[in-house]
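Data block below; observations after.
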Amino acid sequence: MTRTIKIFDTTLRDGEQCPGASLNPEEKLEIARQLAKLNVDVIEAGFAIASQGDFEAIKTIAQQIKGPAICSLARCKKEDIMRAWDAVSYSDKPMIHAFLATSPVHMAKKLKMTPAQVLKAAQEMVALAASLCPFVEFSPEDAGRSEHKFLYKVVAAVIEAGAKTVNIPDTVGYTTPWEFAQLIENVIQNVPAIKKKNIIISVHVHNDLGLAVANSLAAVKAGANQVECTINGIGERAGNASLEEVVMGINTRKSFFDCKTNIKTKEIYKTSRLVSNLTGMMVQPNKAIVGANAFAHEAGIHQHGMLQDRTTYEIMKPEDIGLTESKIVLGKHSGRFALQKKLKEMGYALDKEGLEKAYQRFLTIADKKKDVSERDLEIIVAEEVYVVPEDYTIESIEINSGTKTIPEATVTLLYQGKAIKKVANGAGPVDAVYKAIEQLTKVKAALVDYSIQAITGGTDALGEVIVRIKDKDKIYVGHGADTDVIVASGKAYLAAINRLLYATTQR
Ligand SMILES: [Zn+2]
């Protein structure tokens, strides 16, 4: 019988832990909404006790997102379990994910606990969680380096205490597919309660050796029935197993795995773009499944084959992940109705206000650029609709630069309805714009990263700029797009500043 593999998405918990990917509560909710459309089985929304912000985000997601189970991480401590329960209890499918390390090095060096103490704490805290919450998952952290007999003992004990899912993580990304598959097989064989009680065996693998997806798939083949993963594989260090690769691996090689998932694969591409836009973590062009080149057949010999028959070089169809050709869809004379209809086709149901914002932005782009493509519309939606309240908006940017002048920017911003203006010089036009914005907003944050890329082909393409600024150890991401790259740069910087102001004045 074909097994169904559950997809446990941890983009908002483990994924968000990577440097520079921090998301505000609205952005988390937006991603959670898209994850529900993607039809993941579990959304791990955060680590409730880590901060008030994390707690609120999990609670809001639990209140508003229907479909997937909503989960919070918790250490094996009473206050952690209680806090996690407080946050997830608003969901109709609440879940607590408790973890405790079981490897000798973690127990001795990090926890300073004996194996007997670890066993007792795991058992007691899982029992506490299970007394509150119908779905409890337990992870023996660093299982990959744990002593096998002890691992089986802990797994058996937490199942006895009420855990419905046992997750075997390779926390440090150290194992190989052969070893990891063997470990999963051993756990299943040596803990009879797993089969008896239909316990879900989950895996959570990191990508330090580039093996996260391979290890996850090997584990599936060995009997695991849940995979923990993130969109675009984001996460600490080299990241987590990438959801889209795991899912498309299982889908494309269905007869080999004899498994399926509940994922609506046509939502993959859109989810990937949303996460990349909101976290500012760009997807490398050659990334499997969702990279810009993943379905591009440029080489002449391939194109010839493709024209004869697509299956010569294509093992998946771009439509399967929701990638429709980025065709020209609208022009200058398209009206509100046409835009609404197109956005609806693309899966964006905007309210009146969102649509009006998108339309105004569409007009300015259509004015500069003859044809507006689906990719352009995606950017419009990402920029105009998923935003935090803005303290400052750009009224105008004028630039004087070139080989013979000192770059000078005249920037006018709107602040509480009033126009404020500043002229500044810089090493280049972007630097001049940033100096003017800095003086106008009086926000002094270090620029830690600036990147630019063309979104669509041609010299009239939209330029997309992503900046990261740092203030008191927190990173804020700003995103801006425009046919003029200097304007895009200004927008991105100001968006990051608005985000910083929003975060620091809200809490
Ligand atoms: Zn992890």
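If you take the Cα centroid of the range 149-176 and the Cα centroid of the range 242-288, the two points sit 26 Å apart.
Pairwise Cα distances in the range 1-147 exceed 21 Å in 45 percent of cases. The order of the peptides 423-435, 136-148 by mean Cβ neighbours within 10 Å, most packed first, is 136-148, 423-435. Past 18 Å, Cα to Cα, is the threshold; run Lys78/Lys196; Lys270/Lys317; Lys221/Lys287; Lys164/Lys195 against it and keep the listed order. Too far apart for the 18 Å limit: Lys78/Lys196; Lys221/Lys287. Once you sort the root eigenvalues of the Cα gyration tensor of the range 379-501 as a ≥ b ≥ c, which label holds: rounded (a/c under 1.5), prolate (a/b larger than b/c) or oblate (the other case)? Since a/c stays below 1.5, the shape of the range 379-501 is classed as rounded.
The lysines within cross-link reach of Lys472, meaning a Cα-to-Cα straight distance under 18 Å and a gap of 8 or more places when in the same chain, are Lys442, Lys444. Peptides 79-91, 283-295 ranked from most to least packed give 79-91, 283-295, packing being the mean of other C-beta atoms within 10 angstrom over each peptide's residues. Straight-line reach from Lys421: taking Cα to Cα under 12 Å and skipping same-chain neighbours fewer than 8 places apart, the aspartates and glutamates in range are Glu395, Glu398, Glu438.
Converting phi to 3J(HN,Hα) with the Karplus coefficients 6.51, -1.76 and 1.60 and the offset θ = phi - 60°, the range 395-409 yields 8, 7, 10, 10, 10, 10, 8, x, 6, 10, 10, 7, x, 9, 10 Hz in sequence order, with x at every glycine or proline.
Projected onto planes of every orientation and averaged, the convex hull of the alpha-carbon atoms in the range 328-384 covers 3.2 nm².
Both radii are taken from the alpha-carbon atoms of the range 113-169; with Rh as the Kirkwood radius, Rg/Rh is 0.95. In the chain, helical runs assigned H by DSSP with n ≥ 4 each contribute -39500 (n - 2.57); averaged across all residues and rounded to the nearest 500, the mean residue ellipticity at 222 nm is -12500 deg cm²/dmol.
Taking all protein chains together, Met248, Met282, Met125 sort by accessible area into Met282, Met125, Met248, largest first [probe 1.4 Å]. Across the range 252-263, coupling constants 3J(HN,Hα) worked out from phi with the 6.51/-1.76/1.60 Karplus curve, θ = phi - 60°, read 5, 10, 3, 5, 6, 7, 6, 9, 9, 10, 8, 5 Hz, and Gly and Pro carry x. A viscosity of 1.567 mPa s and a temperature of 4 °C, combined with the Kirkwood radius over Cα pairs in Stokes-Einstein, give a translational diffusion coefficient for the chain of 53 µm²/s.
Partner lysines whose Cα lies under 24 Å from the Cα of Lys332, excluding those fewer than 8 positions away in the same chain, are identified as Lys341, Lys342, Lys344, Lys352, Lys357, Lys368, Lys369, Lys370, Lys491. Remark: the chain carries a charge dipole of roughly 780 debye about the Cα centre, counting +1 on each Lys and Arg Cβ and -1 on each Asp and Glu Cβ.
Rounded to the nearest Hz, the phi-derived 3J(HN,Hα) couplings of the range 98-113 under the Karplus curve 6.51 cos²θ - 1.76 cosθ + 1.60 (θ = phi - 60°) are 9, 9, 7, 6, 10, 7, x, 5, 5, 5, 6, 8, 8, 7, 6, 10, where x marks glycine and proline. In the range 392-506, taking the dipole from charged Cβ atoms about the Cα centre, the farthest positive-side position among Val411, Ser489, Thr504 is held by Thr504. Taking every DSSP beta bridge that has both ends in the chain, the antiparallel portion is near 50%.
With only Cα atoms counted, the range 241-281 has Rg and Dmax values of 11.9, 37 Å.
Probing with 1.4 Å while keeping every protein chain in the model, the per residue accessible area of the chain equals 45 Å².
Summarising the amide proton neighbourhood of Val205: residues at separation of 5 or more, or on other chains, whose placed amide H is nearer than 5 Å comprise Asp170, Glu228, Ala241.
Using a probe radius of 1.4 angstrom, the carbon and sulfur fraction of the accessible surface of the chain is 53%.
The values are calculated or read from the model by the stated rules, or taken from the named source; none is laboratory data. These numbers come from a predicted model, not from an experiment. Glycine also receives a Cβ, built like all others from the backbone with ideal geometry; neighbour counts cover every protein chain displayed. Side chains are part of the model used for accessible areas, which takes the heavy atoms of the whole protein and leaves out ligands, DNA and RNA. Shrake-Rupley method; radii C 1.70, N 1.55, O 1.52, S 1.80 Å.
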